[in-house]
Structures are given as C-alpha cells and as structure tokens.
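K.L.:
Sharing a structure here in structure tokens format.
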Amino acid sequence: MKNSETLNNFDESIPHDDINFGYIEDEFSTGSNFIDTTFSVMPILLGLFVVVFVAAVIFIVYVQTRNYRKIKSAGMDPITFESDLKTKIGPIQPVGTQAVLGS
C-alpha cells in the first residue's frame, strides 16, 4: 500500500480509541478549597487595591496642591520653602539645652 492510498483511504484496521477516563470536570480544580477560594477572590482584591491606590494618589496630589497654595499666599517660594523658613526663624535649639547652657 502506498502512502497516498493510506492518506486518501482511511485504514479501517487501526482500532478506535475508546478508553473511558470517567467524569472529568469542566473547571480546573486543585483539590484545595483554600487555593480555589483564593483564586476566585483575587479579582475582587485586585480591584480593591486599585481603588485604594488611586484614592491615595488623588489625596497626595490634593495635599501637595493645598500646601503649594498656602505657601504661595504666605509670600514664600514653594521650592525653597524649608530654607526660607529656616532663615526667618533662625537656629532651633533642642528643648532643655538652654538650662544647661545658661548655668
């Protein structure tokens, strides 16, 4: 028998594969309820994380914008605010050092 005859005419002498594996579930299961529950809860946790992260970023932008406006309205440069404040106030001594230095 030639190869072309084997390809064109199905050889009926090959037995069919009728092996029964029993019931196989459509969904993948690891056999562990904890792992299955964890994988089913992950989209909810990821969504919650994204919402909290976006809220934190919005809060940070709000606070920084508010600080910028307050510093500008006080007549200081927001970029050099700490240096401006330190030069206006002067050197700061820790609490209790005046009593030690003064005696």
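K.L.:
Scan the range 55-97 for residues that are among the hydrophobic types (A, V, I, L, M, F, W, C), surrounded by fewer than 11 Cβ atoms within 10 Å (Cβ to Cβ) and not in a loop (DSSP other than H, G, I, E, B) and report the count. Let's see the steps before the verdict.
P.N.:
If we filter the range 55-97 for residues that are among the hydrophobic types (A, V, I, L, M, F, W, C), which is where we start, we get 55-61, 63, 71, 74, 76, 79, 81, 85, 89, 92, 95.
Filter once more, so that each one left must be surrounded by fewer than 11 Cβ atoms within 10 Å (Cβ to Cβ): 55-61, 63, 79, 89, 92, 95.
With the extra rule that they be not in a loop (DSSP other than H, G, I, E, B), the set shrinks to 55-61, 63, 89.
Final tally of qualifying residues: 9.
K.L.:
Still on this model: Looking only at the range 20-53, count how many residues are open to solvent by 70 Å² or more (accessible area, probe 1.4 Å) and either of a type in the set (Ser, Thr, Tyr) or modelled with pLDDT of 70 or more (or both).
P.N.:
Of the residues in the range 20-53, 17 are open to solvent by 70 Å² or more (accessible area, probe 1.4 Å) and either of a type in the set (Ser, Thr, Tyr) or modelled with pLDDT of 70 or more (or both).
The values are calculated or read from the model by the stated rules, or taken from the named source; none is laboratory data. Owing to the predicted nature of the structure, the values given are computational and were not obtained by experimental measurement. All Cβ positions, even for glycine, are placed from backbone atoms using ideal geometry, and neighbour counts span all protein chains on display. These area figures cover heavy atoms from the full protein model, side chains too; ligands, DNA and RNA do not enter into them. Shrake-Rupley method; radii C 1.70, N 1.55, O 1.52, S 1.80 Å.
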